[in-house]
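Written out below as structure tokens is the structure these notes cover.
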Amino acid sequence: MSDTALNPRTKILAKIQRPHLHKVILVNDDYTPREFVVQILKGEFRMNESQAYRVMLTAHQKGVCVVAVFAKDIAETKATRATDAARSLGYPLLFTTEPEE
């Protein structure tokens, strides 16, 4: 028999963290038509007609409304695309992002 002692190797498991989530927020303005806001919400955020109308109305009444929660890069991309679509037609519609707590 050999004099070699066998020690089992310890496996190090990497801890996988969930991505930090960010809220996409719709900021109300007095110039962008409601129908256009609903159209943006349906197109960019894949909402149905009633969901989009409800989000638009909440933003209109309260000043802001959380549209959806995504990973940071997705939230920023969607907010930028929605804001740019409005700006390309001359509307001051604004979508912002902030970290979810």
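Which one of F95, Q61, M47 has its Cα pushed farthest toward the positive end of the charge dipole of the range 31-99, where Lys and Arg give +1 and Asp and Glu give -1 at the Cβ? Checking the options against the dipole of the range 31-99, the answer is Q61. Report summary: the helix-based calculation at 222 nm, which adds -39500 (n - 2.57) for every DSSP H run with n ≥ 4 and divides by the residues of the chain, gives -14000 deg cm²/dmol. Only lysines eight or more places from K23 in sequence, or on another chain, were considered; those with a Cα closer than 20 Å are K42, K62, K72, K78.
Close amide-amide hydrogen proximity is noted between V64 and N28, each under 5 Å apart and 5 or more residues distant or on a separate chain (H modeled in the peptide plane; Pro and chain starts excluded).
Charge tally around P19: other residues with Cβ under 13 Å, Lys/Arg +1 each, Asp/Glu -1 each, net -1.
Note that the range 61-67 has calculated 3J(HN,Hα) couplings of 7, 9, x, 8, 7, 6, 7 Hz, one per residue in order, obtained from phi through the Karplus relation 6.51 cos²θ - 1.76 cosθ + 1.60 (θ = phi - 60°); glycine and proline are x. Report, in degrees rounded to the nearest 10, the 0 to 90 angle that the Cα long axis of helix 72-88 makes with the longest principal axis of the chain. Taking the Cα atoms of the chain, the angle to 72-88 is about 20 degrees.
Name the shape class, rounded, prolate or oblate, that the alpha-carbon gyration tensor gives for the chain, where a ≥ b ≥ c are the square roots of its eigenvalues, rounded holds for a/c under 1.5, and otherwise prolate holds if a/b is larger than b/c and oblate otherwise. Note, shape of the chain comes out prolate.
The residues neighbouring A68, those whose beta-carbon lies less than 15 Å from its own, together hold a net charge of +2 under the Lys/Arg +1, Asp/Glu -1 convention.
Here the relative contact order of the chain, from alpha carbon pairs under 8 Å that lie six or more residues apart, stands at 41 percent. Once backbone amide H atoms are built at 1.01 Å from N, T97 has I25 as its partners under 5 Å, excluding neighbours fewer than 5 places away on the same chain. Projecting the Cα atoms of I12, I74, P33 onto the charge dipole of the chain (Cβ charges, centred on the Cα centre) puts I12 farthest toward the positive pole. Converting phi to 3J(HN,Hα) with the Karplus coefficients 6.51, -1.76 and 1.60 and the offset θ = phi - 60°, the range 43-54 yields x, 7, 10, 6, 8, 7, 4, 5, 5, 4, 5, 5 Hz in sequence order, with x at every glycine or proline. The order of I40, I12, going from fewest to most other C-beta atoms within 10 Å of their C-beta, is I12, I40.
Placing unit charges on the Cβ atoms only, positive for Lys and Arg and negative for Asp and Glu, gives the chain a dipole magnitude near 320 debye about its Cα centre.
Values in this text are rule-based calculations from the coordinates and carry no lab data. Bear in mind that the values here come from a model prediction, so they are computed numbers and not experimental data. Ideal geometry is used to build each Cβ from the backbone, glycine not excepted, and the neighbour counts take in all protein chains shown.
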